[in-house]
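Read-outs: derived from the displayed coordinates by stated rules, not from any lab. Just so you know, these numbers come straight off a predicted model, no measurement behind them. Cβ atoms come from the backbone with ideal geometry, glycine included; neighbour counts cover every protein chain shown.
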Number of protein chains: 2
Amino acid sequence: MSRRKAQQDDKEREGDRPPSLAMAAYRQLYRDITNGTLAPGRKLPVGELHATYGIGFSPMRDALNRLCAEGLVEKREQRGFFVADLNEDVFLQITNARLVLEETALRLSIAAGDVAWGESVILAFYHLSRAARDETSFVLTPEWSAAHREFHFALLAGCGNEWLLGFCRKLYEQSERYRARRRLLSTGLSPGTRSHLQVHEAIMKAALAHDADTASDLLVRHYKESFEIVMNADFELLDNPRRLVPRAASEPEGRRDAV
Amino acid sequence: MSRRKAQQDDKEREGDRPPSLAMAAYRQLYRDITNGTLAPGRKLPVGELHATYGIGFSPMRDALNRLCAEGLVEKREQRGFFVADLNEDVFLQITNARLVLEETALRLSIAAGDVAWGESVILAFYHLSRAARDETSFVLTPEWSAAHREFHFALLAGCGNEWLLGFCRKLYEQSERYRARRRLLSTGLSPGTRSHLQVHEAIMKAALAHDADTASDLLVRHYKESFEIVMNADFELLDNPRRLVPRAASEPEGRRDAV
DNA sequence: CCTGGTATAAAAATATAAATTTTTGCCGGA
DNA sequence: TCCGGCAAAAATTTATATTTTTATACCAGG
């Protein structure tokens, strides 16, 4: 009875409740994978996860299967689940895909976005500025990450294409895994600082002014810089400069692996 | 012993075996959803599927979860699985996203594709031509569908970006669901006929000649035509002509729901 | 004595069956 | 007609059983 009562109480805060253990497991794993607690390539034995998170086999399996189809987890038939591996080639592909999709979404947002869209961008920027740190620290707080995500997707949300947005989300969360590895390192630039914030302000202003060219130019540049930073931090600094696809995605010549 | 022997034999034809029931269920459901046997919006009670397909609860759940993350199935928390619904707005979004992504992938393919890529395109076209029917029939064979898919992805595969390709695949299979509804109808045009084949031949020739502009122009036109056909067949013919995003994805003005 | 392959045992994944909640449809009373 | 509770159905979860993989040990051949 007391059990039942508790459930009822839970129900009262509708909306963000995770009633199913499967969902709880999913969120836990999602967090631990995207923030790097569960290292890339690591095996995920259901039994071990069961012991660690205190959740049964079936719900855990549910969660793993979902993560799997989202690309955060890999499933090897009859031999279990693994955290999806990371390497610089994949990161390059993800970044390139992201450049194309986000620029498209941004341009469509600027062209089609309504008043509510503009307001949500302004609000998101406000949240981001509140979460920004004073200059020199290298630790990225969860709050800043959430605000950063909110801002970028507020920008894109006006495009009105759920599929496009869904793809952008997937690419974003993949990128986060790479960024997460950077948290412990202290390399050159400084995401989350007030100076970094100004880049976002510039993007916002261009977007709200319906200047699609400037806005997407700034956005693409922003991502390319992030890419370089993460690349230099996570992997050894390579001698050949990384090539990213040009904005229009129509280059005369190109290497096969350039994308 | 004989048991073990059989296993060993199985192992020899590696690669396409579906050892797990979950995978078998997944494939069955995938087929039945994409070809329309399981109608959009329909509920998928695990118990009923269990009875129909003769596969247990857990594997079925596994399969449903995967389909779910792929967008073919929707999961309503604590109240079961449903075949993802179809409607014209979503179809418009899918088509628009597809236009952008496939054009990008095609241009990258043409820019970066190597000899092996060109050969696989030629081979795929050969298969498509073999599967083409004589003019007037309206029935689409599974063979033609497979060949059609093979051709289009042979074109895109040269881009070398697995993520981009993965998104294209997802959009393609979604589109197939709409096309599937058309099989029983007999509307104007005629996919799978020899005249329809010529469109693909033109695309191939342009691609192999490294004429990216012509190739993507033809491809986009091809998809827009398909869109109109399916739209007119499946839903009532609307008075306002559908607006699709222009190729460059940068239109001066636009409705919010236009994409 | 070392190497290579095979059988065996432990571990882990997959599948089944049963139990527990949660939802849903229905009926009676206000 | 509307509300509340009861019962059936269905989803979720646990517990159990069955395969499959993986690691270890053993034995024949070099």
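Using the Karplus relation 6.51 cos²θ - 1.76 cosθ + 1.60 with θ = phi - 60°, the per-residue 3J(HN,Hα) values for the stretch B:65-81 come to 4, 5, 4, 4, 5, 8, x, 8, 10, 10, 10, 9, 3, 6, 9, x, 9 Hz, with x marking Gly and Pro. For the rotational copy relationship between B and A, the axis lies nearest to a chain B beta carbon, identified with its distance in whole angstrom as B:69, 2. Which FRET efficiency value, to the nearest 0.05, is calculated for residue A:114 and residue B:43 with the Förster distance at 45 angstrom and r the Cβ-Cβ distance? In this case the efficiency is close to 0.80. Residue order for B:122, A:110, A:55, fewest other beta carbons within 10 angstrom first, comes to B:122, A:55, A:110. With the label put 7 angstrom out from Cα along the Cα-to-Cβ vector, residue A:209 ends up 4.4 nm from the copy partners, going from closest to farthest.
Backbone amide hydrogens, once placed in the peptide plane, bring residue B:73 within less than 5 Å of B:68, B:84, excluding anything fewer than 5 places away on its chain. Spin-label pair residue B:87-residue A:122: with each label point 7 Å from Cα along the Cα-Cβ axis, the two points sit 3.1 nm from one another. For a bin width of 5 Å, list the pair-distance distribution of the stretch A:34-140 built from all Cα-Cα distances, rounded to whole %. Calculated P(r), rounded to whole percents: 2, 9, 12, 14, 12, 13, 15, 13, 8, 3, 0.
Please rank A:141, A:95, B:34, A:214, fewest neighbouring Cβ atoms within 10 Å first, as an exposure proxy.
Details: A:141 13, A:95 25, B:34 19, A:214 16.
Going from least to most buried by this count: A:141, A:214, B:34, A:95.
Per residue of B:170-178, other chain Cβ atoms within 10 Å of the residue Cβ number 1 on average.
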